[in-house]
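First the structure, in the form of structure tokens, and then the observations on it.
Coordinate-derived values only; no laboratory data. Because the structure is predicted, anything quoted here is derived from the model rather than measured. Here the Cβ positions follow ideal geometry from the backbone for every residue, glycine too, while neighbour counts run over all protein chains shown.
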Amino acid sequence: MRHCISVLSMTVAAALLVGCSSDSQISNNAALAEGTRLPAAWQRLAPLGWALPAAKKGPFLYVAANYDNEILIYPENGYHQSPVGTITSGVSVPYGLSVDLSGNLYVSNQSPPTVTVYPAGSTQPSVTYSEGLVHPLYSVVDQYGDLFVGNRGASRGCDKAGTIVEYKAGSQNPYQTLNMPGREVDGMDFDQQGDLYAAWTGCSRGGGWGGVEKFAPGSTQGEPLDISVRKPQGLLVDKKGNILVVASGPSTVELYRPGSHRPSLRLKLPDGGLPVQLAITSDESRLFVSSWNQGSIWVTGYPLSRSSTWTSEDSVSGTPLGIALSNGQTF
């Protein structure tokens, strides 16, 4: 479940006239909005009222540049391209990203602890969630529009457990809190049946081992899956029920078949890349992974195999952590 963004109007150099022609619309009802910066060469080529070149239309790849306090927007297709825009308003030490079925982009911010929401057509946040949040790392939205935010505990020690805070659609007040066994909640996703999967990091066995909990729809009690992951980060569930999770301890992407307790596949990124978040296209033909130490976004074909090879799609400044796709997975 990942989709979308924006309508471009430049306040200084260039602007798109929203709705003036079909050429000014970016696919998936997405365009770049006020506050977006274009590369200088584009500004010269796109004076006021001109549409973006066709090659600069969506779908998009969104990247959280943690140290630069911005969300970078890249064309999903192609390699080593310049950003077509940025989001800075309401972005402060961003971590995980997600996109819902309506094309809204969700950004988990660390300082202050908030989740900001950017509707398709805007780079200004329409909603900011803060109540109940301590260290929001990842978020995910179900098919009904309910938001689930994974928290790290109030301290990095073992005395404060991580939680998942649920907000009902249209409300900024927490509806309920789901308790987790570890000190932080990491990547989350839903399967085709609406079950919520959440990775967590614990304090036992050397301080980095964690696992995955499964919550049935409407349940407040998680079912522990017999999966051990060293320092988990991003997680997703494909349409066949396979679980993919980043094990940042050994720096691998691990694939667990339905019902399996051991990974059937472990893949490393090239050149010592340290993976963080995963994103998959809606047709599940390509898998994207962010690498924070390299400043890179890697992509490979899906399904995965032992012969899968990674290609660097984009080089990113500002330490890339979270990623999301405008045409991403739905359930």
Give me the tail of P(r) for region 99-148 as a percent: Cα-Cα pairs with distance above 16 Å. 35
Along the Cα-to-C-beta direction of Asn293, a point sits 7 Å from the Cα; which residues of region 214-232 have their amide N less than 13 Å from that point? none
Determine the relative contact order of region 58-325: mean sequence separation of Cα pairs under 8 Å and six or more apart, normalised by residue count, in whole percent. 14
Rounded if a/c under 1.5, otherwise prolate or oblate - region 235-331, Cα gyration tensor axes: oblate
Is region 58-325 rounded, prolate or oblate when judged by the Cα gyration tensor, a ≥ b ≥ c being the square roots of its eigenvalues, rounded requiring a/c under 1.5 and prolate requiring a/b larger than b/c? rounded
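So for region 127-183, averaging the separation of alpha carbon pairs under 8 Å that are six or more residues apart and normalising by length, what relative contact order in percent results? Each step should come with its number before you reach the end.
Details: 115 pairs, mean separation 17.0, N = 57.
Relative contact order for region 127-183 comes out at 30 percent.
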Rounded to the nearest 0.05, what FRET efficiency do Tyr79 and Lys268 give with R0 = 22 Å and r taken as the Cβ-Cβ distance? Could you check? 0.60
In whole Å, how far is the Cα centre of region 214-292 from that of region 118-142? 23
